[in-house]
Amino acid sequence: MRDEEEPLKPESPKRGGGESGWRAKRANMVERLVDEGILSSRSIIEAFLSVPRELFLPAAMRAHAYEDEPLPIGYGQTISAPHMVGIMCEALELQGGQKVLEIGCGSGYHAAITASAVGGGGTVFSVERHNRLARAAAANLAKAGIANVRVVEGDGSCGLAKEAPFDRIYVTCAAPRVPPPLVEQLKPGGILLVPVGNIFCELVRIKKDENGGGCSSERLGGCAFVPLRGKYGF
Ligand code: SAH
C-alpha cells in the first residue's frame, strides 16, 4: 500500500536559486492564476504571494514548486495543484476572522494559504490521519511563519467536534458521499466544500441556511483527489 511507503526526503534549504528567485517564480504563478480567472479576491491573491510553496515540498520536488501541478509529498499523498487550492479558497468565500476546518492537512500548504487569507484574527484547524505527515506539516507551517493553523492528528471524516462549529469546512480528498458530521459542524450561514466521487470526482459546495434549518447544494465541476479514508471515507 503506497500509504505506508517511506517518506520523500525533507526539503534542502540550499536549492532553488535564492529567495528573490523563488519570489519571482511565485509572482509569475500568481499572475497566471489571476489571468486564468482562478484568483480574484485581494486577500487570496495576497495569501498566494506570501506563502512559499517550496517550503512545503520534499527536496526532490522543490524545483517544481511553481508549476501548477499536484506533486508527491510521500506516503502516497500529494500537495494539491495551486489552481485547485485557488478554486477552493474562492468558492469558500473566505473572509478575515473566520474559523475554518480543513480535512487532509498533507504538506500544510493549502492550510497556510487559507490561514493567510483569514488573517491573524482567524484560525484554521487542520486534521490529518497520517501522523508523520501531520508532524511534517506542523514543521513546514512553522518554517513558513504561519501561526494560526492548528494541526490535529486523527480521522477528519468525523470532523472535529470539540472545536465546532466552523464558519467554513473543506475536504482535500475525495469522499464517497458528504460526511454528515461535517454538515452538522457547520455554523448557520457557513459553507462546506467536499470533492465527492472515486478519485475523479466533483467538487460539491453546501451552504447552510442562516437560520440553520436547511442546506442548499451545488456542483462546481470535476476534480481529482486522493481518497478520504476513515469512518465516512473509502
Ligand atoms: N491539503 C493538502 C493536500 C493533502 S492530500 C496539501 O496542501 O498538501 C490529502 C490528505 O488527506 C493526505 O495527507 C491524507 O493522508 C489525508 N487524509 C485522508 N483521509 C483522511 C482522514 N479521514 N482524516 C484526515 N486526513 C485524511
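The values are calculated or read from the model by the stated rules, or taken from the named source; none is laboratory data. Being a predicted model, the structure only gives us computed values, none of them experimental. Every residue, glycine as well, gets a Cβ built from its backbone with ideal geometry; the counts of neighbours run over all protein chains shown. For accessibility, only protein heavy atoms count, side chains too; no ligands or nucleic acids. Shrake-Rupley method; radii C 1.70, N 1.55, O 1.52, S 1.80 Å.
Looking across the range 202-234, not a single residue is of a type in the set (Val, Ile, Thr), closer than 19 Å to Ile191 by Cα and either within 16 Å of the ligand (Cβ to nearest atom) or not in a strand (DSSP E or B) (or both).
Mind listing just one residue for me: the one in the range 44-55 that is open to solvent by less than 10 Å² (accessible area, probe 1.4 Å) and out of contact with any Lys or Arg (no Cβ under 9 Å at 6 or more places or on another chain) and, of those, nearest to Gly18 (Cα to Cα)? Walk me through it before giving the result.
Looking only at the range 44-55, we keep the residues that are open to solvent by less than 10 Å² (accessible area, probe 1.4 Å), and these are 44, 47-48, 51, 53-54.
From what is left, the residues that are out of contact with any Lys or Arg (no Cβ under 9 Å at 6 or more places or on another chain) are 44, 47.
Values: Ile44: 25, Ala47: 20 Å.
It comes out as Ala47.
The set of residues in the range 208-226 that are within 18 Å of the chain's Cα centre (by Cα) and either surrounded by fewer than 17 Cβ atoms within 10 Å (Cβ to Cβ) or aliphatic (A, V, I, L, M) (or both) comprises Leu220, Gly221, Gly222, Ala224, Val226.
Would you confirm whether or not the range 182-200 contains a residue that is modelled with pLDDT of 95 or more, open to solvent by 20 Å² or more (accessible area, probe 1.4 Å) and either of a type in the set (Ser, Thr, Tyr) or part of a helix (DSSP H, G or I) (or both)? Checking the range 182-200: at least one residue is modelled with pLDDT of 95 or more, open to solvent by 20 Å² or more (accessible area, probe 1.4 Å) and either of a type in the set (Ser, Thr, Tyr) or part of a helix (DSSP H, G or I) (or both).
Is it true that Leu92 is away from the ligand (no atom under 15 Å from the Cβ), open to solvent by less than 20 Å² (accessible area, probe 1.4 Å) and touching a Leu at 6+ places or on another chain (Cβ under 8 Å)?
Working: away from the ligand (no atom under 15 Å from the Cβ): no; open to solvent by less than 20 Å² (accessible area, probe 1.4 Å): yes; touching a Leu at 6+ places or on another chain (Cβ under 8 Å): yes.
So Leu92 fails the test.
Just one residue in the set Cys173, Cys158 is of a type in the set (A, V, I, L, M, F, W, C), under 16 Å from Val194 (Cα atoms) and open to solvent by 20 Å² or more (accessible area, probe 1.4 Å); that residue is Cys158.
Taking Arg205 as the residue in question, decide whether it is within 22 Å of Gly154 (Cα to Cα) and either within 17 Å of the chain's Cα centre (by Cα) or modelled with pLDDT under 95 (or both). Break it down into steps so the answer makes sense when it comes.
Values: within 22 Å of Gly154 (Cα to Cα): no; either within 17 Å of the chain's Cα centre (by Cα) or modelled with pLDDT under 95 (or both): yes.
No; evaluated as a whole, the condition is false for this residue.
Output the qualifying pairs, or none if there are none: Cβ atoms under 6 angstrom, residues six or more apart or on different chains, first residue in the range 97-113 and among the β-branched types (Val, Ile, Thr), second residue assigned to a loop (DSSP other than H, G, I, E, B). So the pair list comes out as Ile113/Val51. In the range 63-74, what residues are open to solvent by less than 20 Å² (accessible area, probe 1.4 Å) and either within 10 Å of the ligand (Cβ to nearest atom) or at pLDDT below 95 (or both)? The answer is Leu71, Ile73, Gly74.
Condition (residue is of a type in the set (D, E, K, R) and over 11 Å from the mean Cα position of the chain (by Cα)) applied to the range 100-119: is it met by at least one residue?
Within the range 100-119, the subset of a type in the set (D, E, K, R) is 102.
Still in the list and also over 11 Å from the mean Cα position of the chain (by Cα): none.
There is no residue in the range 100-119 that is of a type in the set (D, E, K, R) and over 11 Å from the mean Cα position of the chain (by Cα).
What are the pairs, 6+ residues apart or on separate chains, where a residue within the range 137-166 that is within 13 Å of the ligand (Cβ to nearest atom) has its Cβ under 7 Å from a residue that is among the acidic types (Asp, Glu)? Pairs found: Ala137/Glu128; Val151/Glu128; Glu153/Glu128. Of all residues in the range 195-234, exactly one satisfies the criterion of being of a type in the set (Val, Ile, Thr) and in contact (Cβ under 8 Å) with a residue 40 or more places away in the chain, namely Val226.
Quick one: which residue in Val100, Val118, Val51 is within 13 Å of the ligand (Cβ to nearest atom), modelled with pLDDT of 95 or more and closer than 15 Å to Tyr170 by Cβ?
Numbers: Val118 fails: within 13 Å of the ligand (Cβ to nearest atom); Val51 fails: closer than 15 Å to Tyr170 by Cβ.
Testing whether each residue is within 13 Å of the ligand (Cβ to nearest atom), modelled with pLDDT of 95 or more and closer than 15 Å to Tyr170 by Cβ leaves just Val100.
Might you check whether a residue that is within 14 Å of Met88 (Cα to Cα), free of Cβ contacts under 8 Å to residues at least 40 places away in the same chain and either in contact with a strand residue (DSSP E or B) (Cβ under 9 Å, 6 or more places away or on another chain) or more than 14 Å from the ligand (Cβ to nearest atom) (or both) occurs anywhere in the range 174-194? Yes.
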